[in-house]
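First comes the structure, then the notes that go with it.
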Amino acid sequence: MTTLSWHDTTIEVMTGDITTLAVDAIVNAANESLLGGGGVDGAIHRAAGPGLRAECQTLHGCPTGDAKITQGYDLPAAHVIHAVGPVWHGGKHGEEALLESAYRNSFARARENDVHSIAFPAISTGVYRFPKDRAAAIAAAAALAAAESGDFSRIILCCFSESDAAIYGEALTRAAER
Ligand code: AR6
């Protein structure tokens, strides 16, 4: 685990199941339909129960790079922020800007809803095939920028494997040294 104090925010890279975290909001790596899927999206919907899907149906989807917020239902987290990261198509289709935008809009939804502690999965690095080192650098830069805003007490980058946590931890350390 990598932990960093940045301005008044604690930024942590951890390994674990994001559905177990008792934070103000967990972020979902969703798709444009917002109606569920596999990976972390499937795990969040299973743990939250049917209320989450019912609320998602009222949202009419979400474009890539954007994020929408719901309640957390049976999750220990109060809210779910559904962020839609890009599918990796080789890197020349605006993928990096879209992933940055997904993080930026997730933090925006958080601010609008008094969310001060927030946990992110490794958005786009599973089924969407975004290279992990590049995705980690984008996540780390977004977390530092959000910490500098002073609006967050705790930002967690929640990886699902030790090897991913090593990549995200290194990216966070490197971003903080710049
Ligand atoms: N806690 C934390 N991280 C997890 C968990 C969990 N419980 N389960 C998986 N991960 P992915 P994407 C990690 O594929 O690439 C869905 O079908 C996983 O190991 O879930 O953004 C959606 O509906 C990986 O590191 O999301 C979309 O259609 C990371 O979460 C599509 O997949 C992201 O992998 C989105 O693809």
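The values are calculated or read from the model by the stated rules, or taken from the named source; none is laboratory data. What you are looking at is a predicted structure, and each value in this text was computed from that prediction instead of being measured. With ideal geometry, Cβ positions are generated from the backbone for all residues, glycine too; neighbour counts draw on all protein chains shown. Heavy atoms of the whole protein, side chains included, go into the accessibility calculation; ligands, DNA and RNA do not. Shrake-Rupley method; radii C 1.70, N 1.55, O 1.52, S 1.80 Å.
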| field | Distance in nm between pseudo-label sites at Gln57 and Arg104 (7 Å out along the Cβ direction from Cα) | value | 3.4 nm
| message | Heavy atoms of the protein only, probe of 1.4 Å, neighbouring chains included. What is the accessible area of Glu112 in Å², nearest 10? | response | 120 Å²
| message | Ignoring everything except DSSP H segments at least 4 long, calculate the 222 nm mean residue ellipticity for the chain; use -39,500 (n - 2.57) per segment, divide by total residues, nearest 500. | response | -12500 deg cm²/dmol
| remark: Within the under-14-Å Cβ sphere about Gly65, not counting Gly65, Lys/Arg +1 and Asp/Glu -1 give a net charge of -2
| note | Net charge near Val80 (other residues with Cβ under 12 Å of its Cβ; Lys, Arg +1; Asp, Glu -1) is -1
| Carbon-plus-sulfur fraction of the accessible area of the chain, 1.4 Å probe, in percent? | 51 percent
| Once the other residues with Cβ under 14 Å from the Cβ of Pro121 are scored (Lys, Arg +1; Asp, Glu -1), what is the net sum? | -3
| note | As a percent rounded to 5, the proportion of antiparallel DSSP bridges among beta bridges in the chain is 35 percent
| field | Whole-Å semi-axes of the chain's equivalent ellipsoid (Cα gyration tensor) | value | 22, 19, 15
| Quick one: accessible area per residue over the chain, 1.4 Å probe, rounded to a whole number of Å²? | 45 Å²
